[in-house]
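Contents: one structure, followed by commentary.
The values are calculated or read from the model by the stated rules, or taken from the named source; none is laboratory data. Worth saying up front: this structure is predicted, and the values here are computed from it rather than measured. Cβ placement follows ideal geometry from the backbone for every residue including glycine, while neighbour counts extend to all protein chains displayed. SASA here: full protein model, heavy atoms, side chains in, ligands and nucleic acids out. Shrake-Rupley method; radii C 1.70, N 1.55, O 1.52, S 1.80 Å.
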Amino acid sequence: MPFEASPTFSIESERLQISYFLPDSPEHCLFLVKLWNSEEFIKTCGRTGIDSEEKASNFLRNRVHADYARNNYGMFLVSLKPHEHASLAESTPIGSVSLMKGEPPNAYLAPDIGYAFLPEETGKGYATEAALALLEYAKRELGVGSVFGFCGKEDTHSARVLEKIGFEFRGEKKLKVFGGKESAVYVLPGMSQDLTSATGTERKPLSSCILVLGLSRIILEA
């Protein structure tokens with residue numbers, strides 16, 4: 001049975017609503033275009049090619065919803081509540097938070113956590129709050145107990161967020177998905193898995209844009 005994302009689904013935290021991205025929502029599609037084409041995002045990640053509502057809709061439908069269907073998680077929309085008891089409909093999109101796991105056999109044994117926010121919304125603790133809420137939901141409802149966190153060696157902002165949400169530093173490793181560059185590797189406490197795929201080797205390089213701004217690993221079509 002095809003996956004159907006409920007438009008009313010939400011993971012709620014003190015200030016945020018975390019929901020599915022909906023490909024038929026002009027608001028969601030235009031927000032993704034805005035987020036991925038901000039000056040800070042392009043500086044960190046480069047251009048994704050998602051520069052129109054139509055392209056965003058196709059990406060959400062064909063790639064993001066495929067992740068939802070395969071793993072029950074993926075990239076989620078983060079919206080800011082105008083007041084404590086605000087509904088999802090009242091809240092304003094400000095970023096994304098994700099748990100990403102590739103398709104076997106090119107996938108690590110555990111997903112990795114990621115996030116990206118509009119430049120004007122950074123530095124307010126939203127990334128930490130959203131990541132904690134998603135991790136708690138994934139553990140409680142989906143049984144996800146092992147999660148990686150990756151960031152560039154010089155990305156002190158992302159490293160601080162990973163440390164704030166309780167991840168442990170496990171050193172630096174040259175990752176093929178980062179073009180062979182050395183990257184900082186973090187894990188949830190108690191994890192024993194190393195950076196191996198389901199087949200026992202580091203996953204093969206894919207045609208991808210690694211969203212270093214938020215650690216999100218969204219694999220884009222070439």
Look at Ser98 and say whether it is over 25 Å from Glu163 (Cβ atoms) and crowded, with 16+ Cβ neighbours inside 10 Å. no
Would the range 77-85 turn up any residue that is among the acidic types (Asp, Glu) and open to solvent by 70 Å² or more (accessible area, probe 1.4 Å)? yes
Looking at the structure I just gave you, is Ala127 aliphatic (A, V, I, L, M) and in contact with a Lys or Arg (Cβ under 8 Å, 6 or more places away or on another chain)? no
When the residues of the range 91-110 are filtered to those that are more than 21 Å from Lys81 (Cα to Cα) and in contact with a Gly (Cβ under 9 Å, 6 or more places away or on another chain), which remaining residue is modelled with the lowest pLDDT? Tyr108
Mind counting the residues in the range 39-76 that are surrounded by 18 or more Cβ atoms within 10 Å (Cβ to Cβ) and either assigned to a loop (DSSP other than H, G, I, E, B) or in contact with a Ser or Thr (Cβ under 8 Å, 6 or more places away or on another chain) (or both)? 6
Selected residue (only one of Ser216, Ser208 is surrounded by 20 or more Cβ atoms within 10 Å (Cβ to Cβ), closer than 29 Å to Ser57 by Cα and at pLDDT below 85): Ser216
Qualifying residue in the range 149-171 (condition: open to solvent by 30 Å² or more (accessible area, probe 1.4 Å) and in contact with a helix residue (DSSP H, G or I) (Cβ under 7 Å, 6 or more places away or on another chain)): yes
Residues of the range 122-147 being surrounded by fewer than 16 Cβ atoms within 10 Å (Cβ to Cβ) and within 21 Å of Phe31 (Cα to Cα), in sequence order, are Gly123, Lys124, Gly125
